[in-house]
Amino acid sequence: MSYILDQLYRTLIVDKRYMLLLEGLKNTLIIASCATAIGVAIGLLVAIVKVTAQNNRKWYMVVLDKICSFYVTVIRGTPVVVQLLIMNGSIMAAVNAELLVAILTFGINSGAYVAEIIRAGIMAVDKGQAEAGRSLGLTQSMTMKLIVLPQAVKNILPALGNEFIALLKETSVAGYIAIRDLTKAGDNIFSRVVNSTPLYIVAIIYLVLVMGLSYLLKLFERRLAKSDHR
Amino acid sequence: MITVKNLEKTFDKNMVLKGINEEIAQGEKVVIVGPSGSGKSTFLRCLNLLETPTKGEIWFEGKNITDPRTNINELRQKMGMVFQHFNLFPHLTVLENITLAPIKLELQSEQQAEENAYRLLKRIGLEDKAKTYPNQLSGGQKQRIAIVRALAMNPKVMLFDEPTSALDPEMVGEVLELMKELANEGMTMVVVTHEMGFAREVATRVLFMDQGVIMEQNTPEQFFANPHNPRLQDFLSKVL
């Protein structure tokens, strides 16, 4: 028992090492939440383009559709670490803000996965719903916004929750571009105390974050289900 | 009111409508019957452009609606449509289902739309269901609400696409009754249905469609008593 306490003391208290963990946690949360927002925005846009392009074959829709397909293919086909290194070392090499680079990389990366999730969710909404909306004189965008998307959210949410969780954990590779995220902070402490305790602590923090996120998603899902029964 | 000129519709390589010419006057109740796959639903869905015609023209109130410059959404506000599977919006309450389009299209204020919706719900005896969700209703109730949802837009024509085909038999009557009331009030109606009794009783004209064309049409009396086309004779012998 005193051994464990001693390890905790050396990991957290000595040299105020808990500050490292807090800083890492802060960076991880910033990257994950901003990237999630960007990912959802990009994903929604790409999904709507792809769904619209199925019925609307005007030349600009075809071009947009091609661009979106290319984006999804490239992003899903390459590792996120490689994307991160390319962003940092080449595309955004002039930008001296690693946190921003990480946010954009993870956001763009997540967008490709979110796009497919949302697209599938939209496709799963009965075609008659959109027809009913259009037959009342609602425009295509109104129908999408007021009728299709609210129903699609229910189909999308479980898969989207998985994506949020995956994204949160994926940010642990941010250390590759000299960001002190939660993982990197644990690793820093590990190299000083030469003991695995900080790594276990980091693992537990991730676990708690994911469990909290799952709980919130479940609450949200339950609220959306209110029109299903009663 | 509606004029259809040489309408053709092809899905991939399958020609579903092979040149339809038809004139529907204000106040008419046109009932379209025919075997499945005859193109009657496709014809109906072309009238409000849920299907884009491959060839031909459709005129509504003196406007060529097949012209790409025509505002489809404005046109559809004047044409109510009722679907086989109701297509109520499951994420909205009954009241919201009815008021959504009039409010969002800024045709009525929220208060006006709600008053109107309650008046319509009262008419079908379902005002106590205003705040419930569609999933808690029976099929007959859903379809009657779908009908008043279309009526809330004050349409000039109502299109019915097999409105009773997805209903349990004991619920068919209440829906047909509402449709009869509408007919008696002078609503122009185009109805695709398998309900021959309804056709006989309510229609001013019955069309028989088969293989993508209108094979025969007549007043309901003549249509059922004195069919000429052998295909129609065969069809009637099976359904009556």
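The values are calculated or read from the model by the stated rules, or taken from the named source; none is laboratory data. No experiment lies behind these values; they were computed from the predicted model shown. Virtual Cβ from ideal backbone geometry, glycine too; neighbours counted across all protein chains shown. Quick note on the areas: whole protein, heavy atoms, side chains included, nothing else; ligands and nucleic acids left out. Shrake-Rupley method; radii C 1.70, N 1.55, O 1.52, S 1.80 Å.
Scanning the stretch A:98-131 for residues that are within 14 Å of chain B (Cβ to nearest Cβ) and of a type in the set (D, E, K, R) yields A:ASP126, A:LYS127, A:GLU131. Counting the residues of the stretch B:12-39 that are more than 21 Å from B:LEU176 (Cα to Cα), touching a residue at least 12 places away in the same chain (Cβ under 8 Å) and over 17 Å from the mean Cα position of the chain (by Cα) gives 7.
One line per residue, one yes/no per condition, for (1) small (Gly, Ala, Ser); (2) out of contact with any Ser or Thr (no Cβ under 6 Å at 6 or more places or on another chain); (3) under 22 Å from A:LEU168 (Cα atoms); (4) open to solvent by 30 Å² or more (accessible area, probe 1.4 Å):
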{"position": "A:ARG192", "(1), (2), (3), (4)": "no, yes, no, yes"}
{"position": "A:LEU199", "(1), (2), (3), (4)": "no, yes, yes, yes"}
{"position": "A:ILE205", "(1), (2), (3), (4)": "no, yes, yes, yes"}
{"position": "A:VAL210", "(1), (2), (3), (4)": "no, yes, yes, no"}
{"position": "A:LEU216", "(1), (2), (3), (4)": "no, yes, yes, yes"}
{"position": "A:PHE220", "(1), (2), (3), (4)": "no, yes, yes, yes"}
{"position": "A:LEU224", "(1), (2), (3), (4)": "no, yes, no, yes"}
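Among the residues of the stretch B:55-70, is any on the phi < 0 side of the Ramachandran plot, more than 14 Å from chain A (Cβ to nearest Cβ), of a type in the set (A, V, I, L, M, F, W, C) and in contact with a Phe, Trp or Tyr (Cβ under 7 Å, 6 or more places away or on another chain)? There is no residue in the stretch B:55-70 that is on the phi < 0 side of the Ramachandran plot, more than 14 Å from chain A (Cβ to nearest Cβ), of a type in the set (A, V, I, L, M, F, W, C) and in contact with a Phe, Trp or Tyr (Cβ under 7 Å, 6 or more places away or on another chain). For first residues located in the stretch A:29-40 and free of Cβ contacts under 8 Å to residues at least 24 places away in the same chain and of a type in the set (A, V, I, L, M, F, W, C), partners that are assigned to a helix (DSSP H, G or I) and open to solvent by 50 Å² or more (accessible area, probe 1.4 Å) and lie 6+ apart or on another chain with Cβ distances below 6 Å do not occur.
Output the number of residues of the stretch A:68-103 satisfying the condition of being touching a helix residue (DSSP H, G or I) at 6+ places or on another chain (Cβ under 7 Å) and either under 30 Å from A:ALA53 (Cα atoms) or in contact (Cβ under 8 Å) with a residue 12 or more places away in the chain (or both).
As a first pass, look at the stretch A:68-103 and keep what is touching a helix residue (DSSP H, G or I) at 6+ places or on another chain (Cβ under 7 Å): A:68, A:71-72, A:75-76, A:80-81, A:83-85, A:87-88, A:92, A:95, A:98-99, A:101-103.
Still in the list and also either under 30 Å from A:ALA53 (Cα atoms) or in contact (Cβ under 8 Å) with a residue 12 or more places away in the chain (or both): A:68, A:71-72, A:75-76, A:80-81, A:83-85, A:87-88, A:92, A:98-99, A:101-103.
So the answer is 18.
Counting the residues of the stretch A:167-190 that are open to solvent by 40 Å² or more (accessible area, probe 1.4 Å) and farther than 13 Å from A:LEU25 by Cβ gives 6. Considering only residues in the stretch B:106-115 that are within 14 Å of chain A (Cβ to nearest Cβ) and crowded, with 18+ Cβ neighbours inside 10 Å, the one that is nearest to B:ILE147 (Cα to Cα) turns out to be B:ALA113.
Scanning the stretch B:35-54 for residues being touching a helix residue (DSSP H, G or I) at 6+ places or on another chain (Cβ under 7 Å) and within 11 Å of another protein chain (Cβ to nearest Cβ) gives a total of 4.
Among residues of the stretch B:217-240 that are on the phi < 0 side of the Ramachandran plot, those with a beta-carbon under 9 Å from a residue that is in a helix (DSSP H, G or I) and open to solvent by 70 Å² or more (accessible area, probe 1.4 Å) at least six positions away or on a different chain give the pairs B:PRO220/B:ARG200; B:PRO220/B:GLU201; B:GLU221/B:ARG200; B:PHE223/B:ARG200; B:PHE224/B:ARG200; B:PRO227/B:GLN233.
Please verify whether A:THR52 is out of contact with any His (no Cβ under 7 Å at 6 or more places or on another chain) and within 19 Å of A:ALA185 (Cβ to Cβ), treating the condition exactly as stated. Spell out how you get there, then give the answer.
On the way: out of contact with any His (no Cβ under 7 Å at 6 or more places or on another chain): yes; within 19 Å of A:ALA185 (Cβ to Cβ): no.
No, not satisfied.
Screening A:LEU149, A:LEU157 for residues that are open to solvent by less than 40 Å² (accessible area, probe 1.4 Å), within 14 Å of chain B (Cβ to nearest Cβ), assigned to a helix (DSSP H, G or I) and touching a residue at least 40 places away in the same chain (Cβ under 8 Å) leaves exactly one candidate, A:LEU157.
Between A:ASN162, A:ASN188, the distinction of being assigned to a helix (DSSP H, G or I) and within 21 Å of A:LEU45 (Cα to Cα) belongs to A:ASN162 only.
Within the set B:LYS180, B:LYS129, the sole residue that is under 20 Å from the mean Cα position of the chain (by Cα) and more than 12 Å from chain A (Cβ to nearest Cβ) turns out to be B:LYS180. Take the conditions (1) under 19 Å from the mean Cα position of the chain (by Cα); (2) away from chain A (no Cβ under 13 Å); B:ASN87 misses just one of them, which is (2).
Of the residues B:ILE72, B:ILE65, which single one is closer than 27 Å to B:LEU182 by Cβ, β-branched (Val, Ile, Thr) and open to solvent by 40 Å² or more (accessible area, probe 1.4 Å)?
Details: B:ILE65 fails: open to solvent by 40 Å² or more (accessible area, probe 1.4 Å).
Checking each option against the conditions leaves just B:ILE72.
When A:VAL51, A:VAL14 are screened for being within 25 Å of the chain's Cα centre (by Cα), assigned to a helix (DSSP H, G or I) and at pLDDT below 95, only A:VAL51 passes.
For the stretch A:174-217, give me the residue count where each residue is under 23 Å from A:GLN83 (Cβ atoms), of a type in the set (A, V, I, L, M, F, W, C) and in contact with a Pro (Cβ under 9 Å, 6 or more places away or on another chain). Of the residues in the stretch A:174-217, 1 are under 23 Å from A:GLN83 (Cβ atoms), of a type in the set (A, V, I, L, M, F, W, C) and in contact with a Pro (Cβ under 9 Å, 6 or more places away or on another chain).
If you go through the stretch A:25-42, how many residues are under 20 Å from A:ARG180 (Cβ atoms) and hydroxyl-bearing (Ser, Thr, Tyr)? Total meeting the criteria: 2. The set of residues in the stretch B:176-210 that are open to solvent by 60 Å² or more (accessible area, probe 1.4 Å) and part of a helix (DSSP H, G or I) comprises B:GLU177, B:GLU181, B:ASN184, B:ARG200, B:GLU201.
Considering (1) more than 18 Å from the chain's Cα centre (by Cα); (2) open to solvent by 40 Å² or more (accessible area, probe 1.4 Å), the lone condition that A:LYS26 does not fulfil carries the number (1).
Looking only at the stretch B:116-148, residues that are open to solvent by less than 10 Å² (accessible area, probe 1.4 Å) and within 22 Å of A:ALA152 (Cβ to Cβ) come to 2 in all.
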